[in-house]
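Following: one structure in structure tokens, then a few remarks.
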Amino acid sequence: MYASDGRWKDVAALRSLMKTNNVKKFAAYSWVDINNEVHKFVANDRIHVDSIAIYKELDDLIKKVQEVGYKPSTNLVLHDVGEQEKLESISYHSEKLALAFMLMKRPHESMPVRILKNLRVCGDCHAFMKFSSKVTGRTIVLRDSNRFHHFVGGKCSCNDHW
């Protein structure tokens, strides 16, 4: 709440208090199954064996979705950093990396892309998945901690109420 209001001193104080009391946040991650092998991704993940190709695929997809109207929601990045850092941060969330990996490994399949996420999907990733389903022609099923989101042709089954 403090971060969304730009109260960075309060954010720092709360994070310090959390550290003092050994309170930890759950790390966000996404995973996909391909050929009965699970691939796990975290935000800005560069340890995957295919990370260079995944980032290239994702960068290409970002350009395509921006051409049809997607605009990254950097206001959702709740860190006291510059606009460029916010853009880089939000561009490589775990579900986006998982999507790029699946599109790279299964470029011509008609089967839905299935992604699992341990936390709730953020608003930017939700919008990104809608645009991605539109530009790729693929159905994307994203299971977050609250529900299944079925993205088809630029729309989500939750009607943007999640």
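The values are calculated or read from the model by the stated rules, or taken from the named source; none is laboratory data. From a predicted model like this one, the values you see are computed outputs, not experimental measurements. With ideal geometry, Cβ positions are generated from the backbone for all residues, glycine too; neighbour counts draw on all protein chains shown. Accessible surface areas use protein heavy atoms only, side chains included; no ligands, DNA or RNA. Shrake-Rupley method; radii C 1.70, N 1.55, O 1.52, S 1.80 Å.
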Inset, instruction - Please give the calculated 222 nm ellipticity per residue for the chain, where each DSSP H segment of at least 4 residues contributes -39500 (n - 2.57) and the sum is spread over every residue; nearest 500 deg cm²/dmol? - result: -12500 deg cm²/dmol
Inset, instruction - Take the alpha carbon atoms of region 104-162, find their center, do the same for region 31-65, and report the distance between the two centers in whole angstrom. - result: 15
Inset, instruction - Take the solvent-accessible surface of the protein heavy atoms, probe 1.4 Å, and return the percent of it on the chain that carbon and sulfur atoms account for. - result: 53
Legend entry - Mean projected area in nm² (Cα convex hull; one quarter of hull surface) for region 9-64: 6.6
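Computed over the Cα atoms, what is the radius of gyration of the chain divided by 2.2 N^0.38 Å, N being its residue count?
Taking the Cα Rg and dividing by 2.2 N^0.38 Å, one obtains 1.08.
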Inset, instruction - Run down the lysines and flag those whose C-alpha is under 16 Å from the C-alpha of LYS134, throwing out any fewer than 8 positions away in its chain. - result: LYS63, LYS64, LYS71, LYS96, LYS155
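Quick one: work out the % antiparallel among DSSP beta bridges in region 80-162, nearest 5. Before the final figure, lay out each step's value.
Working: 6 of 10 bridges.
Percent antiparallel among DSSP bridges in region 80-162 is about 60.
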Inset, instruction - Find me the longest stretch of the chain that has none of the exposed trypsin sites (Lys or Arg not before Pro), where exposed means in a DSSP loop (not H, G, I, E or B) with at most 15 other Cβ atoms within 10 Å. - result: 47-119
Legend entry - Solvent-accessible heavy-atom area per residue, rounded to whole Å², over the chain at 1.4 Å: 61
